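In what follows, a single structure is set out as structure tokens and then discussed.
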Amino acid sequence: MTIHSLMPAGQVGRSLPRLEARAKVTGRADYVHNLRLPGMLIAKVARATVAHGRIVSIDTSAARALKGVFAVYTGEDIRKHIPQPYYGPAFHDQPILALDKVRHVGEPVAVCLAEDAHIAERAAQLIEVEYEEMPAVFDEVEAMDSKAVVHDVLKPAGTFPDLKHLHGKKDTNIALDFHLKRGDVEGAFASAAHVFEHEFHTQQVMHTPLEPMVSAAEPTREGLTIHTASQSPSFVRIEISRLLGWPENKVQVKVPHLGGGFGAKLYIKLEALVAALALMTKRPVKWSLTMEEQFYTISKHATTFRIKSAVDADGKVTGRSCAVYWNGGAYADIGPRVTQKSGFTAPGPYDIDNVAIESYALYTNRPPAGALRGFGIPQLVWAYESHTDLIARGLNIDPVEFRRKNILREGRPQATGTAMKDAAIDLVLEKIAERMNWSAPFDRGTGTVLRGRGVGVGFKASISPTTSVAFVNIYADGSCALYMSTVDMGQGSDTAMAQIVAEVLNVQTENVRVIHPDTDVTPYDMATLGSRSTFHMGNAVKLAAEDAKQKLEAMARSVGVPENANIETREIFKKKYGMQAGNVMGVGSFIPTYKSPDSVTGMSDNITPFWMVGGTGVEIEVDTETGHVKLTKLINVADMGRPLNPNIVETQLSGAAIMQLGFTMFENMEYDAGQVTNASFADYKIPGIHDIPPDIENHIVLAEQGGGPFGAKGVGESATFGVSPAIANAIHDAVGVRLTDLPLTAESVLRGIRLKAGNPIGE
Amino acid sequence: MTPFELAEPKTLNEAIALLDAEDPDVRPISGGTALMLMMKSGVFRPNRLVSLQRVEADYSRIQRGGDGTLRIGALASLSQIEHSGEVRQVAPVIEKTMRHLSNVRVRNVARLGGNLAHGDPHMDLPPVLSSLGAKAIVAGPSGQREIMIEELFSGYYETVLDRNELITFVDVPSQAGWSSVYFKCTTRSADDWPALGIACSLRVENGSIGDVRLMISAATEKLTRLVATEKVLRGQQASEALFERAGESAMAEAEVIDDSRGSASYKSELVRVYVKRALRQASVGATQS
Ligand SMILES: Cc1cc2nc3c(=O)[nH]c(=O)nc-3n(C[C@H](O)[C@H](O)[C@H](O)COP(=O)(O)OP(=O)(O)OC[C@H]3O[C@@H](n4cnc5c(N)ncnc54)[C@H](O)[C@@H]3O)c2cc1C
């Protein structure tokens, strides 16, 4: 890895181990999973067995009759307590329990409560639901104009201005249509020397956090306390108080450690039901999903991406049009944001004067899709980097050279018109080429093992505008604590944020106590998502620490301590309060500037506070008799500004790339009439240790993020971007077969090889 | 999971008596790795589980008889078998198979008997043990019987065992003169169940295939011996051309089925390729030893 020097206090830039590592490996870390509250009831839900159908009747009598069952409720029971029981970050479209109809297999229809989880589970199996089945739609392109309509009326939440025009719309599955137009696209195609057009697909996959979703709610004298494995405690509080018509201060949300999140535990998931149940039963209620149930709760969008490019005689891309269809499933979740935020980067990190983008969020009768490590970007990079490679090959130009010719350089406008700033796309590409020894001759293999190599580079804007607030509290003995609502789900934010505090206050990071999210105590944060925390919360934390430092210095002056005196902090407090007493509380609040895209042209001159850049190079071997692809080398490169903690950054890069490797090679939610047929780890396979290539390198390019805390920016997603197209490009390089659908199974590779050889394999 | 009775008998006969020939909801449990998955998903709701844990001491030993036969207790864990020097000496192919069988956590818990009795065609040990000519020693209310591993399976997740019979030992005959390989082909993650398993044991005499046992699993409904393909091979000069022909024959002979690991037509191609490769490697091993 590239070495950036340490900052003056020696804390930022240090590769110290995670603060919570010992607690985790010795089994002492807190998880909601282990939480037991006195008098607690366990909830288990009965789930829909049809993809789209009116609820004719729900028979709960057998479940109620089961010994040990405390209560059984349906959506109608919830509606008596909460008149508008619909939640969601973009649309208020998701009922706490199904009402009137179900929209996907696995949708919660009724809930059973018992002190014994096994009894609750048995009761849930005894619930009989009669449906009048309705036509269903599963494909995102068909959903554009299908007769099957998932929601009778669209109900945007009102938080996002670009969704307002959809309010009250009927007979449509389009939950957002984003359009961007810059330059003269038709003209570019009319005068092009070459035109290339392709269609790419990605499959629906799941986050598989190893700690499945879990939430518990506890009625209190003041209102409700919710213990939840959530990436967005502040949002949970806001949304629960909205549902209940309460002020925010009656809802307390506490989040300990998470066993993985990856976007699955965002916004609001199980919290609405447990909150309702706690109020209805006046007892604490806990609901834990199984791994299997997670497949019916949230997923990553399947997509169709049609991309078309105009290229001039010199190999310069002059025009590009993109149409992207996002399969959002039955409830919008954050899909419309993915559609817009990722949509405007669909032409890729290339300098193209004339671009047109259409990006559609679509309702279908599949389980909902939301954010998953990349917020839609990996689906786009998959398509545009495969397409880019195909153009280079079509023009007989080296794929790296072709990218160099067209790459979006510093200061040049991106599709929205925003000029690129602190986005080292070219450096990332060059670093990959250097580490792959791209210009040297390449061994192409022999016999039945052929070798190939490929690259892919992508970029991402940060979700905006979003706010982070942090407190830094210096106690009278000089020790200090950081209060923030950023959730450490394994990405190392506790450690990185403590390093920022330590750097500013010139103390050891290990001595900074990090207080985990508790909305009664820790201040607002939009959410832990989209690699935003390092930049946004990092800035808030730095401001809070600086504020505390200034207040401490002012206190020192007020008690007559001379400037630059070598005096311990505790002595300043003693002088001020006469004993070990008092606090210094630093507050930091951060919201970057931003301009939302124009509603007609999609243009903005300030579309993001920072850009994330990531790329991957791979070398592979293809077994030409079986189609098996073996990754022999995986090189991940990213621009993340200055790393706060290089070790954590490296594990984020390799972790992201390996996760994307699973989505590339084999992960796939398979369906039969809307039912997921492989909803378990027995049949839905994620990468294991033997799937990881023997040679894996992670690099950070030497860069600095303007406006980032100590020049840093987010890192959690960047190494996902280039993996899928790099591998598909390498397969093409090795055996001349182009795959346009993920996952890249051995079967599809062999089918391609045999088709090309004129000896196709039968169906 | 709903409550059920867990019996923990101390002797094999007690265990057999606690089983019920007629009741599918009474089952023995050894490692529980397969049963627990079925119970968690609600596919299996037991009335009674008969744990074999307390019987284990007597049925988990690995011993070598005077005639070179290897006797493995059916309650030996897969890890124990993996790390046994006796096993390595008699049949190194077993140790190699273990290394790619699921993961170390599963191997520490899962037992040989469970791997065989489950009847899942995706298990790795049935093809390997049957290609070695191994047999299961089975105990029931009316005494003992012996079943060749290749005859243990009657269908998809079905065996010829009665509900109140237990596998107690597996006997692997002396392998002198035999060379064995197992090819596990996965099409998703490396630690997935196989899409195809091909096990091959053969003897080469004066450059010809003296005898051969060729087994296919995972891609077929149950473990199957490729009898017709063995005929193509027996007595023939070992050569690339012969192995090619055997591959073609296996492809035609095996009744391959579709599943999420691949279509039947794709897996048939895999059969052809892996039979060829297995024969090639086994015959190299046979010539070297
Ligand atoms: C994640 C995972 C991945 C796996 N991958 C593989 C793989 O790639 N290849 C592979 O081969 N296996 C694989 N396995 C399967 C594993 O090897 C089997 O689950 C195991 O061998 C079964 O053994 P057990 O002792 O746990 O059986 P149990 O679950 O205890 O029992 C299985 C069945 O056998 C019966 N039974 C148990 N012992 C006896 C006996 N002595 N006599 C008669 N009946 C008996 C039980 O009643 C039950 O029906 C995997 C398992 C898991 C959980």
Which listed residue, of A:His52, A:His104, is more than 30 Å from A:Leu258 (Cα to Cα), more than 14 Å from chain B (Cβ to nearest Cβ) and surrounded by 24 or more Cβ atoms within 10 Å (Cβ to Cβ): A:His52
Long-range neighbours under 8 Å by Cβ, at least six apart or interchain, first residue open to solvent by less than 10 Å² (accessible area, probe 1.4 Å) within region A:479-492, second of a type in the set (Lys, Arg) and assigned to a loop (DSSP other than H, G, I, E, B): A:Gly492/A:Arg18
Filtered residue count, region B:108-123, keeping only those that are assigned to a loop (DSSP other than H, G, I, E, B), buried (at least 23 other Cβ atoms within 10 Å of the Cβ) and either in contact with a strand residue (DSSP E or B) (Cβ under 6 Å, 6 or more places away or on another chain) or not assigned by TED's automatic domain parsing to the domain that holds B:Leu75 (or both): 1
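Each row is one residue, and each column tells you yes or no for (1) small (Gly, Ala, Ser); (2) open to solvent by less than 40 Å² (accessible area, probe 1.4 Å); (3) not in a loop (DSSP other than H, G, I, E, B).
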site	(1), (2), (3)
A:Met555	no, yes, yes
A:Pro562	no, no, no
A:Lys576	no, no, yes
A:Met579	no, no, no
A:Val584	no, yes, yes
A:Thr593	no, no, no
A:Ser604	yes, yes, no
Subset tally (residues that are open to solvent by 10 Å² or more (accessible area, probe 1.4 Å) and touching a helix residue (DSSP H, G or I) at 6+ places or on another chain (Cβ under 9 Å)) for region A:520-529: 4
Test result for B:Arg54, more than 11 Å from the ligand (Cβ to nearest atom), away from every other protein chain (no Cβ under 14 Å) and touching an Asp or Glu at 6+ places or on another chain (Cβ under 6 Å): yes
Any pair with Cβ under 9 angstrom, 6 or more apart, that starts in region A:153-166 at a residue that is touching a residue at least 12 places away in the same chain (Cβ under 8 Å) and ends at one that is open to solvent by 40 Å² or more (accessible area, probe 1.4 Å) and assigned to a strand (DSSP E or B): A:Val153/A:Lys170; A:Leu154/A:Lys170; A:Leu166/A:Asp177
Every residue from region A:702-741 that is part of a loop (DSSP other than H, G, I, E, B), among the aliphatic types (A, V, I, L, M) and modelled with pLDDT of 95 or more: A:Val737, A:Leu739
Residue check for B:Arg105: in a helix (DSSP H, G or I), within 14 Å of chain A (Cβ to nearest Cβ), within 14 Å of the ligand (Cβ to nearest atom) and open to solvent by 50 Å² or more (accessible area, probe 1.4 Å): yes
Counted residues, region B:164-179 - those being near the ligand (Cβ under 9 Å from one of its atoms) and either of a type outside the set (Val, Ile, Thr) or within 14 Å of chain A (Cβ to nearest Cβ) (or both): 2
Filtered residues of region B:3-29 (kept if within 12 Å of the ligand (Cβ to nearest atom), touching a helix residue (DSSP H, G or I) at 6+ places or on another chain (Cβ under 8 Å) and not in a strand (DSSP E or B)): B:Leu12, B:Ala15
Region A:627-674, residues that are within 30 Å of A:Lys756 (Cα to Cα) and surrounded by fewer than 18 Cβ atoms within 10 Å (Cβ to Cβ): A:Lys630, A:Thr632, A:Lys633, A:Glu670, A:Tyr671
Lone unmet requirement of (1) exposed (fewer than 15 other Cβ atoms within 10 Å of the Cβ); (2) assigned to a helix (DSSP H, G or I) for A:His33: (1)
Options A:Pro156, A:Pro209: the member that is more than 14 Å from chain B (Cβ to nearest Cβ) and touching a helix residue (DSSP H, G or I) at 6+ places or on another chain (Cβ under 6 Å): A:Pro156
Whichever residue in region B:74-89 is assigned to a helix (DSSP H, G or I) and either crowded, with 22+ Cβ neighbours inside 10 Å or not assigned by TED's automatic domain parsing to the domain that holds B:Ser130 (or both) and, among such residues, is farthest from the ligand (Cβ to nearest atom): B:Val87
Residue list for region A:675-698, filter: away from the ligand (no atom under 16 Å from the Cβ), open to solvent by 20 Å² or more (accessible area, probe 1.4 Å) and more than 8 Å from chain B (Cβ to nearest Cβ): A:Gln675, A:Ile692, A:Pro694, A:Asp695, A:Ile696, A:Glu697
Selected residue (criterion: nearest to the ligand (Cβ to nearest atom)) from residues of region B:116-126 that are over 18 Å from B:Thr186 (Cα atoms) and away from chain A (no Cβ under 14 Å): B:Ala117
Single match in B:Arg71, B:Arg99 (criterion: assigned by TED's automatic domain parsing to the domain that holds B:Asp162, away from the ligand (no atom under 13 Å from the Cβ), surrounded by fewer than 18 Cβ atoms within 10 Å (Cβ to Cβ) and within 21 Å of the chain's Cα centre (by Cα)): B:Arg71
Residue, farthest from A:Thr208 (Cα to Cα), within region A:636-674, restricted to residues that are away from chain B (no Cβ under 14 Å) and in a strand (DSSP E or B): A:Gly641
Residue among B:Ala264, B:Ala278, B:Ala252, B:Ala238 that alone is more than 14 Å from chain A (Cβ to nearest Cβ) and at pLDDT 95 or above: B:Ala238
Residue under evaluation A:Gly602, criteria (1) at negative phi; (2) in contact with a helix residue (DSSP H, G or I) (Cβ under 9 Å, 6 or more places away or on another chain); (3) more than 14 Å from chain B (Cβ to nearest Cβ), criterion not met: (1)
Residues being open to solvent by 10 Å² or more (accessible area, probe 1.4 Å) and in contact (Cβ under 8 Å) with a residue 24 or more places away in the chain - total across region A:207-222: 8
Where B:Gly32 falls short, out of the listed (1) within 9 Å of the ligand (Cβ to nearest atom); (2) at pLDDT 95 or above; (3) on the phi < 0 side of the Ramachandran plot: (3)
Selection status of B:Ala139, aliphatic (A, V, I, L, M), within 14 Å of chain A (Cβ to nearest Cβ), over 14 Å from the mean Cα position of the chain (by Cα) and open to solvent by less than 50 Å² (accessible area, probe 1.4 Å): no
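Within 14 Å of another protein chain (Cβ to nearest Cβ) and within 27 Å of A:Tyr684 (Cβ to Cβ): is that true of B:Ala195 in this structure?
Here the answer is yes, as B:Ala195 does meet what is asked.
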Subset tally (residues that are within 14 Å of chain B (Cβ to nearest Cβ) and either assigned to a loop (DSSP other than H, G, I, E, B) or touching a His at 6+ places or on another chain (Cβ under 8 Å) (or both)) for region A:742-763: 12
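The values are calculated or read from the model by the stated rules, or taken from the named source; none is laboratory data. The structure displayed is predicted, hence computed values, not measured ones. Cβ atoms come from the backbone with ideal geometry, glycine included; neighbour counts cover every protein chain shown. To get the accessible areas, we keep the full protein, side chains included, count just its heavy atoms, and leave off ligands, DNA and RNA. Shrake-Rupley method; radii C 1.70, N 1.55, O 1.52, S 1.80 Å.
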